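The next block holds one structure in the form of structure tokens; read it before the comments.
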Amino acid sequence: AGIGKCVALELAHRNARTILACRSQERGQAAAEEIRAATGNPAVLLRLLDTSSLASVRAFAQAVLREERRLDVLVNNAGLTGLPFAITPEGLEQTFATNYLGPFLLTNLLLG
């Protein structure tokens, strides 16, 4: 939703192979189908990613590096605010993990 969906739509309009990295399978699949229909680009893919989980970030990065020949653009757009204080299963504060640590780790893993 929001800025991420708009960026993905624009990339797909430009005929780019576009990977939507979403927490929700249901919402991500709906967005991917909507973008495919709007652009006629069949190369809009959904991959699950929860940036609050470093294990999820590592698994996503490994899959991208294994499945994709190259990565030209990475848009780190995940973010949340205003949630009550919570600790992730990995012992990290959830907002900090989602907004900073997860995207930082993802970027570094994908740099190769």
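List of remarks:
- At full extension, Thr107 and Leu65 could sit 13.9 nm farther apart than now, given 0.36 nm per residue minus the alpha carbon distance.
- In the chain, the longest principal axis of the Cα atoms and the axis of helix 102-111 are about 60 degrees apart.
- Sequentially through the stretch 49-61, phi angles give Karplus couplings (6.51, -1.76, 1.60; θ = phi - 60°) of 8, 10, 5, 7, 10, 5, 5, 5, 4, 5, 5, 4, 4 Hz, Gly and Pro residues having no value and appearing as x.
- For the stretch 3-111, the solvent-accessible area with a 1.4 angstrom probe is 64 square angstrom per residue.
- Accessible surface of the chain, 1.4 Å probe, proportion on carbon and sulfur as whole %: 56
- Close amide-amide hydrogen proximity is noted between Leu20 and Leu45, Leu46, Arg47, each under 5 Å apart and 5 or more residues distant or on a separate chain (H modeled in the peptide plane; Pro and chain starts excluded).
- 5 Å-binned pair-distance histogram of the chain (Cα, whole percent): 2, 12, 22, 22, 21, 13, 6, 2, 0
- Taking every alpha-carbon pair in the stretch 52-97 and binning the separations at 5 Å intervals from zero gives 5, 18, 20, 22, 15, 11, 7, 2, 0 percent.
The values are calculated or read from the model by the stated rules, or taken from the named source; none is laboratory data. If you're wondering where the values come from, they're calculated on a predicted model, not measured in any experiment. For accessibility, only protein heavy atoms count, side chains too; no ligands or nucleic acids. Shrake-Rupley method; radii C 1.70, N 1.55, O 1.52, S 1.80 Å.
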